[in-house]
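Please read the structure below before turning to the comments.
The values are calculated or read from the model by the stated rules, or taken from the named source; none is laboratory data. Computed from a prediction, not measured in an experiment: that's the story for all the values here. Cβ placement follows ideal geometry from the backbone for every residue including glycine, while neighbour counts extend to all protein chains displayed. Side chains are part of the model used for accessible areas, which takes the heavy atoms of the whole protein and leaves out ligands, DNA and RNA. Shrake-Rupley method; radii C 1.70, N 1.55, O 1.52, S 1.80 Å.
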Amino acid sequence: MSNVAYYAIQYDVNQRGYIAYDKDAKTVDVVLPDAQRVEQVKNYLQESQAVENAVGLDTYETVDIHPLDSLENLKLALTRMWVRIGVQVDWSRPAEVNGEFKFPE
């Protein structure tokens, strides 16, 4: 099993790329066609965040997370990324990395 988790991301109509999260080093690489968007996503993932986390069907708790601390925190932050910075994760699509398809964890 790889120590890197991949997530397909996109913004606008067809501006696609991916996030590669190294679970051991706790670092992220963002690949998008626009350097400004790359920096926006990196900054978003490096900031501590207060997130409403579901603990039941209609019960939430506010948790403070740092997205790069763990894969669980990263995925939680990715679920809010579209609303906060306009870049969405395409959970149903694999990321294409050097001609290979990498499915999300």
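From the residues in the stretch 76-102 that are among the charged types (D, E, K, R) and either within 11 Å of TYR6 (Cα to Cα) or assigned to a loop (DSSP other than H, G, I, E, B) (or both), which one is most open to solvent (accessible area, probe 1.4 Å)? This residue is GLU96. Across the stretch 33-42, not a single residue is classified as farther than 14 Å from GLN10 by Cα and part of a loop (DSSP other than H, G, I, E, B). None of VAL31, VAL63, VAL4, VAL51 is in contact (Cβ under 8 Å) with a residue 12 or more places away in the chain, more than 21 Å from PHE103 (Cα to Cα) and surrounded by 14 or more Cβ atoms within 10 Å (Cβ to Cβ) except VAL51.
Return the total of residues in the stretch 66-75 being surrounded by 11 or more Cβ atoms within 10 Å (Cβ to Cβ) and among the charged types (D, E, K, R).
Summing the residues that are surrounded by 11 or more Cβ atoms within 10 Å (Cβ to Cβ) and among the charged types (D, E, K, R) in the stretch 66-75 gives 2.
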